[in-house]
1. Of the residues that make up the stretch 360-372, is at least one within 16 Å of the ligand (Cβ to nearest atom) and touching an Asp or Glu at 6+ places or on another chain (Cβ under 9 Å)?
2. Test ARG672 against the stated conditions and say whether it is among the basic types (Lys, Arg) and more than 20 Å from LEU761 (Cβ to Cβ).
3. With the requirement that a residue be among the acidic types (Asp, Glu) and within 21 Å of ARG197 (Cβ to Cβ), what does the stretch 429-461 give you?
4. How many residues are among the small types (Gly, Ala, Ser) and either within 16 Å of the ligand (Cβ to nearest atom) or outside any loop (DSSP other than H, G, I, E, B) (or both) if we restrict to the stretch 103-158?
5. Please work out if ARG251 is more than 14 Å from the ligand (Cβ to nearest atom), at pLDDT 95 or above and closer than 22 Å to GLY165 by Cα.
6. Suppose we filter TRP264, TRP328, TRP279, TRP317 for residues that are under 29 Å from ARG619 (Cβ atoms) and away from the ligand (no atom under 16 Å from the Cβ); which single one remains?
7. Given the criterion loosely packed, with under 15 Cβ neighbours inside 10 Å and of a type outside the set (Val, Ile, Thr), identify the matching residue among TYR525, TYR485.
8. Out of VAL362, VAL327, which single residue is among the hydrophobic types (A, V, I, L, M, F, W, C), more than 13 Å from the chain's Cα centre (by Cα) and surrounded by fewer than 22 Cβ atoms within 10 Å (Cβ to Cβ)?
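The values are calculated or read from the model by the stated rules, or taken from the named source; none is laboratory data. Keep in mind that this is a model prediction, so the values were computed, not measured. Positions of Cβ are backbone-derived with ideal geometry, glycine not excepted, and every protein chain shown enters the neighbour counts. Surface accessibility is based on the protein's heavy atoms, side chains included, excluding ligands, DNA and RNA. Shrake-Rupley method; radii C 1.70, N 1.55, O 1.52, S 1.80 Å.
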Amino acid sequence: MPPTKPTKAAKKAATKPAKAAKKTAAKPAKAAKKGVKKAADAAAALLEQPVPGAPGSEPPALEEPTTPREPLPPKADQTGPAVVTATGTDTGVDPTARAQQGPFLTTSQGARLRDTDHSLKAGPRGPTLLQDHHLREKITHFDHERIPERVVHARGAGAHGVFVGYGTADAVTVAGFLAKDKETPVFVRFSTVLGSRGSADTVRDTRGFATKFYTDEGTFDLVGNNIPVFFIQDGIKFPDVVHAAKPHPDREIPQAQSAHDTFWDFVSLHTEAQHHTLWNMSDRGIPRSYRTMEGFGVHTFRCLNAEGETSLVKFHWKPRLGVHSLVWEEAQLLGGLDPDFHRRDLADAIESGAFPSWELGVQVFPDDEEQVFAGIDLLDPTKLVPEELAPVQPIGLLTLNRNVTNFFAETEQVAFHLGNLVPGIDVTDDPLLQARLFSYVDTQLTRLGGPNFSQIPINRPHAPVNDMLRDGFHQHGDHVGVAPYRPNSLDGGCPFHAGVEDGAFVDLAVTVPAATKVRENPASYDDHFSQARLFWKSMSSVEREHIVLAYTFELGKCYEQAIKERQLMALANIDDELCAQVAQGLGLPAPERTVEYPEPDPSPALSQVGGETWPSDGRIIGIVVDPSGDTGSVDEVRRSVVGAGMVPLVIGPHGGDLGGGLIAQRTFGTARSVEFDAVLVAGAAPPASDALVARDSKAGAPATPATDPRVTLLLQECFRHAKALGAWGDGQQVLEESGCAGAGVVTGDQPAGVLAEVQELLGLHRVWERFAAEV
Ligand code: HEM
């Protein structure tokens with residue numbers, strides 16, 4: 001199975017939605033008057049620029065519209081689920097068809113309404129009448145708008161896309177969606193694990209990476225994480241780890257994080273969690289973006305090929321943009337400054353045409369009785385197989401190219417399940433996987449209000465459905481026939497069993513060795529530390545330093561001394577320097593190692609620093625602009641940034657037109673470093689009118705600073721977080737005065753040259769030399 005390049009079809013799928021964008025950037029309403037038109041023109045100019053995040057498909061009029069019209073169409077980057085019937089028949093209806101139609105407000109039954117602003121009362125000052133059916137319908141529906149959030153992975157973001165097979169998996173599996181150039185629609189939901197629905201995106205946590213492939217042979221769900229191993233070896237421990245990691249039951253704090261006593265109490269006692277926890281404490285726990293995360297199926301699956309041979313397989317998603325992370329301070333700042341950072345990043349990238357993509361790959365192992373590869377138990381989900389021992393072989397390309405039209409209908413109601421399998425892919429006896437096979441549908445029965453959630457549009461299969469499941473809450477199928485049972489003669493014997501030649505899913509006939517029923521693990525599961533050490537040894541110095549700081553922070557937030565001491569004992573079994581440095585930070589003695597195991601070799605593939613460079617597609621470039629300077633040349637830079645596939649955000653001393661039609665998307669007051677991957681300074685940036693220089697000077701800042709203090713802060717924070725900075729003209733002076741100099745700071749006379757160098761620096765994600773790590 002040699003690695004192959006993306007196919008033509010994949011490239012086609014990844015083309016920009018430019019045409020559609022033009023089509024929906026429609027004209028302002030006819031009713032617009034003069035002043036209204038001016039506002040609309042300005043907004044249209046904004047739309048012309050590739051600034052993602054505009055709330056509607058048309059710029060709104062300044063005055064409240066008075067002429068009835070059809071609802072606005074969705075934005076060009078949006079789509080809904082394919083419109084298929086509850087039983088999977090393609091209706092040919094456009095997925096962007098609106099849930100509403102007609103120019104007038106109606107009841108849910110379609111009766112037009114004259115007034116929704118006043119309840120029906122006995123006189124203007126009288127009591128409200130019970131007979132007001134519209135009031136009751138409106139309030140009753142509202143009262144029931146919320147559904148339970150997911151018990152874990154409650155916070156997430158989703159997008160539609162397409163998967164194109166390379167055909168390279170033929171040797172391993174008969175799964176049709178992996179065939180060469182086969183295109184399959186997909187829906188992907190990314191998530192954090194611990195936080196509530198409204199929690200911040202950038203907390204330190206594992207991330208979910210769940211993909212629904214709507215294949216011709218039935219829906220296949222690959223429900224993975226961005227970390228290749230898990231906390232526990234057996235699903236029966238899942239409630240324990242989640243109870244420990246969720247906020248404390250008494251005060252319900254802290255939200256969406258592991259820096260608290262119950263979490264460290266559990267993982268320090270339950271040392272099989274140490275490997276996963278080490279990944280959490282590494283930069284993998286704070287991804288830069290969903291677009292820059294790897295994904296892993298975690299468990300080993302069993303695949304079947306056309307020759308009837310089986311193999312054991314681990315699935316991997318490799319992001320085209322490489323694996324990149326935030327630094328901890330950025331993650332913390334973002335928790336307050338932009339808690340929706342990852343959700344916004346995903347939607348903005350798609351809207352700007354920088355479609356995120358991942359290659360799906362497999363590690364393939366012989367399916368023998370042992371189910372062990374290179375001494376690694378393939379059924380133990382706390383273990384990974386280093387890529388150096390079993391290379392990840394690419395088998396297809398996933399491209400996310402459309403945002404959802406409605407978050408609730410799609411992202412919230414999507415329901416993944418590991419039992420959604422297709423012929424050619426089956427499960428193994430991994431005890432974590434086995435429990436998951438039960439858990440997802442069980443929880444969805446409550447979360448989605450009954451057994452028919454596979455009929456919700458986002459969950460509808462695209463393959464024909466002919467089951468014998470009947471009735472239940474929210475039944476959408478209007479089933480014909482009288483015999484939903486087998487055998488029958490009344491419905492002509494339908495539905496029939498399918499044979500293998502008809503594409504039936506066949507549970508693979510795996511021999512289970514004679515055994516005694518027990519509640520215990522195999523002996524190989526007792527090794528809790530060797531792979532944690534393997535991960536630690538694979539990290540670069542700067543990554544190790546981040547790990548030390550993360551443990552020190554997290555344990556520093558614990559109150560109980562015994563828990564800190566116990567976790568240090570676990571760290572001593574991973575690495576003595578790691579343990580010593582964390583102990584020093586906590587002011588505790590470093591314990592001695594107590595567990596012996598063979599020294600593992602490092603796996604360089606686990607590090608995200610050094611080596612390769614990555615595309616800069618969709619990265620955010622801030623441009624600080626002086627309106628008294630040459631805004632025309634700044635606009636050229638802005639266009640060059642767009643041309644290079646990145647997203648420019650113009651930062652001015654005030655909003656609106658900075659001169660010559662150059663529109664500010666951020667101001668000195670609204671721009672913060674954390675949202676930019678690099679910042680360019682295109683001119684002087686004297687204090688803006690809202691800079692409050694006098695107040696700052698009371699706190700020791702210069703009374704008459706040459707540069708707006710917020711621009712200085714912006715540059716210094718970018719520098720501190722090892723981001724590339726660039727300047728030309730008077731901007732060079734601004735940069736110099738901010739004290740930012742050295743590696744990754746690019747100055748020159750020609751903006752084009754500066755931009756080119758900055759883009760090159762982005763290929764490495766950060767200016768790593770600025771972190772003088774010594775761990
Ligand atoms: C390898 C280990 C695991 C991985 C990779 C994983 C991954 C995920 C992901 C990605 C989601 C979010 C799905 C979505 O976006 O809707 C999720 C949800 C969930 N997981 Fe897991 N999980 C793992 C282990 C478990 C275990 C052991 C259990 C229980 C025995 C479990 C129970 C759940 C439940 C109940 C949900 C919520 C599902 C819903 O409400 O739709 N998970 N998991």
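1. Checked against the condition, which is being within 16 Å of the ligand (Cβ to nearest atom) and touching an Asp or Glu at 6+ places or on another chain (Cβ under 9 Å), the stretch 360-372 yields at least one hit.
2. Answer is yes for this residue.
3. Taking the stretch 429-461 as the starting set, the residues that turn out to be among the acidic types (Asp, Glu) are 429-430, 442.
Correct list: ASP442 only.
4. At the first step, the residues of the stretch 103-158 found to be among the small types (Gly, Ala, Ser) are 108, 110-111, 119, 122-123, 126, 154, 156-158.
Those still in the list that are either within 16 Å of the ligand (Cβ to nearest atom) or outside any loop (DSSP other than H, G, I, E, B) (or both) too: 154, 156-158.
Of the residues in the stretch 103-158, 4 are among the small types (Gly, Ala, Ser) and either within 16 Å of the ligand (Cβ to nearest atom) or outside any loop (DSSP other than H, G, I, E, B) (or both).
5. no
6. Matching residue, one of TRP264, TRP328, TRP279, TRP317: TRP328.
7. Working: TYR525 fails: loosely packed, with under 15 Cβ neighbours inside 10 Å.
Criteria check complete, one pass: TYR485.
8. Of the residues listed, the single one that is among the hydrophobic types (A, V, I, L, M, F, W, C), more than 13 Å from the chain's Cα centre (by Cα) and surrounded by fewer than 22 Cβ atoms within 10 Å (Cβ to Cβ) is VAL327.
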